[in-house]
1. Taking into account only those residues within the stretch 54-68 that are without any contact (Cβ under 8 Å) to a residue 60 or more places away in the chain and either within 16 Å of VAL144 (Cβ to Cβ) or assigned to a helix (DSSP H, G or I) (or both), which is most open to solvent (accessible area, probe 1.4 Å)?
2. Being out of contact with any Gly (no Cβ under 7 Å at 6 or more places or on another chain), part of a loop (DSSP other than H, G, I, E, B) and open to solvent by 20 Å² or more (accessible area, probe 1.4 Å): is that true of GLU139 here?
3. If I ask for residues that are in contact with a strand residue (DSSP E or B) (Cβ under 9 Å, 6 or more places away or on another chain) and not in a loop (DSSP other than H, G, I, E, B), which ones from the stretch 96-108 would you list?
4. Checking the conditions here, which among VAL51, VAL79, VAL71 is of a type outside the set (S, T, N, Q) and open to solvent by 40 Å² or more (accessible area, probe 1.4 Å)?
5. Which residue out of TYR151, TYR96 is open to solvent by 10 Å² or more (accessible area, probe 1.4 Å) and not basic (Lys, Arg)?
6. Taking the conditions exactly as written (in contact with a Cys (Cβ under 9 Å, 6 or more places away or on another chain), under 14 Å from LEU34 (Cα atoms) and touching a residue at least 60 places away in the same chain (Cβ under 8 Å)), does LEU195 satisfy them or not?
7. When you go through (1) in a strand (DSSP E or B); (2) free of Cβ contacts under 8 Å to residues at least 40 places away in the same chain one by one for LYS148, which number turns out not to apply?
8. Considering ALA114, ALA134, ALA158, which residue is open to solvent by less than 10 Å² (accessible area, probe 1.4 Å), in contact with a strand residue (DSSP E or B) (Cβ under 8 Å, 6 or more places away or on another chain) and aliphatic (A, V, I, L, M)?
Amino acid sequence: MTSSTQAYGEPWYWDNRYTNEPGPFDWYQKYLTLAPIINLYVPTTQPVLIVGCGNSAFSEGMVVDGGYTDVVNIDISSVVIEAMKSKHHDCPQLKYMKMDVRDMSDFESESFAAVIDKGTLDSILCGNNSRQNATKMLEEVWRVLKDKGVYVLVTYGAPLYRLRLLRDSSSWTIKLHVIEKLASEEKSDQPVWDLTKPVPLNDDGSSVEEALGRNPDVHYIYICTKEISANSNKVA
């Protein structure tokens, strides 16, 4: 019997899930809680790709609340893609396509100014052949991004677990931001860290624990900028 985590890379798992749970669901964070960081790094008038979109309202929020004009959404599940196409058929700013993030050959290289990922890399890392599949995904993300484009990765993975994977895949310039896992749309009186202020990030990520303490209850937001001209990976 394949466990649910091992099946995260399989279309049938997500088809079943979205058939049985058709209501909207946002992994990790909603648009309004992340809007300050999205607006900081993602241009509103250039094409943006959301990978593993599911039935999240995040993309809708980008268009309705953020003024984004071209948001392309992909998911491995045909069930959820057909449902989202139907739901947003009257919104030309939102496009939905069935596609495997490990093979986005339907997109030309350097098609997008930004790629946003809330939980898709994490799901792949929970499945079979996780490292190989994660590398395929990151290489494809790199390919479809324009030079100086940004990959916005929202994840539970601390730098100890994510930096090496990101660095080994491509020549990114990486900044790190954090947000409380239970962030509300109202500003917290005492946030762990200012969302729009990068957390100090050294080569091994140990600086993050120094800044935030051990095991902070946060989601990590890696802002990975594609640097075609870079000779080596950098951490900013």
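1. Of all residues in the stretch 54-68, those without any contact (Cβ under 8 Å) to a residue 60 or more places away in the chain come to 54-55, 57, 59-68.
Next, only the ones that are either within 16 Å of VAL144 (Cβ to Cβ) or assigned to a helix (DSSP H, G or I) (or both) stay: 59-64.
On the way: SER59: 5, GLU60: 66, GLY61: 8, MET62: 0, VAL63: 19, VAL64: 104 Å².
Only one residue tops the list, namely VAL64.
2. Details: out of contact with any Gly (no Cβ under 7 Å at 6 or more places or on another chain): yes; part of a loop (DSSP other than H, G, I, E, B): no; open to solvent by 20 Å² or more (accessible area, probe 1.4 Å): yes.
It is false that GLU139 is out of contact with any Gly (no Cβ under 7 Å at 6 or more places or on another chain), part of a loop (DSSP other than H, G, I, E, B) and open to solvent by 20 Å² or more (accessible area, probe 1.4 Å).
3. As a first pass, look at the stretch 96-108 and keep what is in contact with a strand residue (DSSP E or B) (Cβ under 9 Å, 6 or more places away or on another chain): 96-101, 104, 106-107.
TYR96, MET97, LYS98, ASP100, listed by residue number.
4. From the options VAL51, VAL79, VAL71, the qualifying one is VAL79.
5. Working: TYR151 fails: open to solvent by 10 Å² or more (accessible area, probe 1.4 Å).
Answer to the check: TYR96.
6. Numbers: in contact with a Cys (Cβ under 9 Å, 6 or more places away or on another chain): no; under 14 Å from LEU34 (Cα atoms): yes; touching a residue at least 60 places away in the same chain (Cβ under 8 Å): yes.
So LEU195 fails the test.
7. Here LYS148 meets the rest and fails (2).
8. Details: ALA134 fails: in contact with a strand residue (DSSP E or B) (Cβ under 8 Å, 6 or more places away or on another chain); ALA158 fails: open to solvent by less than 10 Å² (accessible area, probe 1.4 Å).
Exactly one residue qualifies, and that residue is ALA114.
The values are calculated or read from the model by the stated rules, or taken from the named source; none is laboratory data. As the structure is a computational prediction, the values presented were derived from the model and not from experiment. Cβ sites come from the backbone with ideal geometry, for glycine too, and all protein chains shown count toward neighbours. For accessibility, only protein heavy atoms count, side chains too; no ligands or nucleic acids. Shrake-Rupley method; radii C 1.70, N 1.55, O 1.52, S 1.80 Å.
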